[in-house]
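Sharing a structure here in structure tokens format.
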Amino acid sequence: MVKLGVNIDHVATVRQARLAKDPDPVRCALLVELAGGDGITVHLREDRRHIQERDLILLRETINTRLNLEMAATDEIINIALKNKPDMCTLVPEKRKELTTEGGLNVVDNMDYLEKQIDKLKFAGIDISLFIDCDKKQIDGAKKVGAKIIELHTGCYANSKGKKKAEELDKIISAANYAKNCGLLVSAGHGLDYQNIIDILQIEGLYEVNIGHSIIARSVYIGLFEAVKTMKEIIITYSKTNL
Ligand code: PXP
């Protein structure tokens, strides 16, 4: 079945709005796990606008599933990853002024640099995922620099409608098939919600979906446990993966 990775950055965003103790991403991670989440994702941004290093330390000590650290491939954050040893690092591009990760990583133009940074993480036993657009050149690049997983950027699919949405879905499906044939595990993420996830789950052999905003938004109305449980039930119902 497709794994559900839940991104809990937004919990820390609310906490940081008041520099308070609550809501606490560490306690929320426990609820995500109890509700059936297969992994916890946090993005330690260079500007520390939501998740703090302390959250990472506590999550590493407390969660029972898998910890996925989303991060820029800078020396500073790589050193933090090496200290805390998440199960997986997802490398993303990062811009200070963006609201959220805006596009995929440009692997092709940064092969040597990325390979060097990825080697450090792999040597520490950390799985590497690269967040990329649905582009064969970027997929080839991801394979060459030693990634185990690619996470396909589903933002354009999520933000479009009608014919354009169908075209974006086709792009994701063909990129996923191409990457699987290259021997990569294929995940998907960005903008996925309780409706648009269903077509994404038709991708055979999909490894994981990483979802943040829609789950945390729904949790404001019905609670985090129910919000995660509902998403998990959708995955159980529609997943075409027998991994
Ligand atoms: N995957 C990656 C690489 C991301 O950067 C994000 C956003 O932090 C997500 C998944 C989750 O996206 P959303 O919050 O839109 O579900």
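Quick test of the membrane-span-like rule: which DSSP H helices of the chain reach at least 24 Å along their long axis (C-alpha atoms) with mean Kyte hydropathy at least -1.0?
TM-like helix candidates: 162-181.
Moving to a separate point now. Full-extension gain between Asp119 and Asp22, please, as 0.36 nm times their residue separation minus the C-alpha to C-alpha distance.
31.3 nm
If you don't mind, there's one more thing I want to ask. Restrict the search to the stretch 129-229; then list the trypsin sites (Lys or Arg not before Pro) that DSSP places in a loop and that have at most 14 other Cβ atoms within 10 Å of their Cβ.
Answer in residue order: Lys161.
Mind giving me the FRET efficiency for Asp199 and Lys136? R0 is 25 Å, r the Cβ-Cβ distance, nearest 0.05 is fine.
Given R0 = 25 Å and the Cβ-Cβ separation, E is 0.70.
Ignoring GluC sites (Glu not before Pro) that are buried or in helix or strand per DSSP, and keeping those with at most 15 other beta carbon atoms within 10 Å, what is the longest stretch of the chain between them?
103-203
Further, regarding this structure: Can you give me the Cα centroid spacing of the stretch 1-47 and the stretch 145-167 in angstrom?
23 Å
Separate question: Per residue, how much accessible area does the stretch 144-243 show when a 1.4 Å probe rolls over the protein heavy atoms, in square angstrom?
Solvent-accessible surface per residue comes out at 47 Å².
For the stretch 43-189, count the residues as N, evaluate 2.2 N^0.38 Å, and divide the Cα radius of gyration by that value, please.
My calculation over the Cα atoms of the stretch 43-189 gives 1.05.
Taking R0 as 30 Å, what FRET efficiency do you get between Thr230 and Ala166 from their Cβ-Cβ distance, rounded to the nearest 0.05?
Once the sixth-power term is evaluated, E becomes 0.75.
In the stretch 137-243, carbon and sulfur make up what percent of the accessible area (probe 1.4 Å)?
54 percent
Which of the pairs Lys136/Lys165; Lys137/Lys171; Lys116/Lys148; Lys3/Lys116 have their Cα atoms more than 22 Å apart in this structure?
Lys3/Lys116
Taking the C-alpha atoms of the stretch 103-243, how large are the radius of gyration and the largest Cα-Cα span, Dmax, in Å?
Using the Cα atoms of the stretch 103-243, the pair Rg, Dmax is 15.7, 46 Å.
I'd like the carbon and sulfur percentage of the solvent accessible area for the stretch 2-83, probe radius 1.4 Å, heavy atoms only, ligands and nucleic acids excluded.
54 percent
For Lys229, which aspartates and glutamates qualify as cross-link partners when the Cα separation must be under 18 Å and same-chain residues fewer than eight apart are set aside?
Glu33, Asp38, Asp193, Glu208
Please report the orientation-averaged projected area of the stretch 9-83, defined via the convex hull of its C-alpha atoms, in nm².
4.8 nm²
Right, something else. Give, as ranges by residue number, the residues of the stretch 22-46 whose backbone N falls under 16 Å from the point 7 Å along Cα→Cβ of Thr13.
Under cut-off, by backbone N: 23-25, 41-46.
The values are calculated or read from the model by the stated rules, or taken from the named source; none is laboratory data. Given the structure is predicted, the values throughout are model-derived calculations rather than measurements. Here the Cβ is made from the backbone with ideal geometry for all residues, glycine too, and neighbour counts use every protein chain on show. Remember, those area values only see protein heavy atoms, side chains included, never the ligands or the DNA or RNA. Shrake-Rupley method; radii C 1.70, N 1.55, O 1.52, S 1.80 Å.
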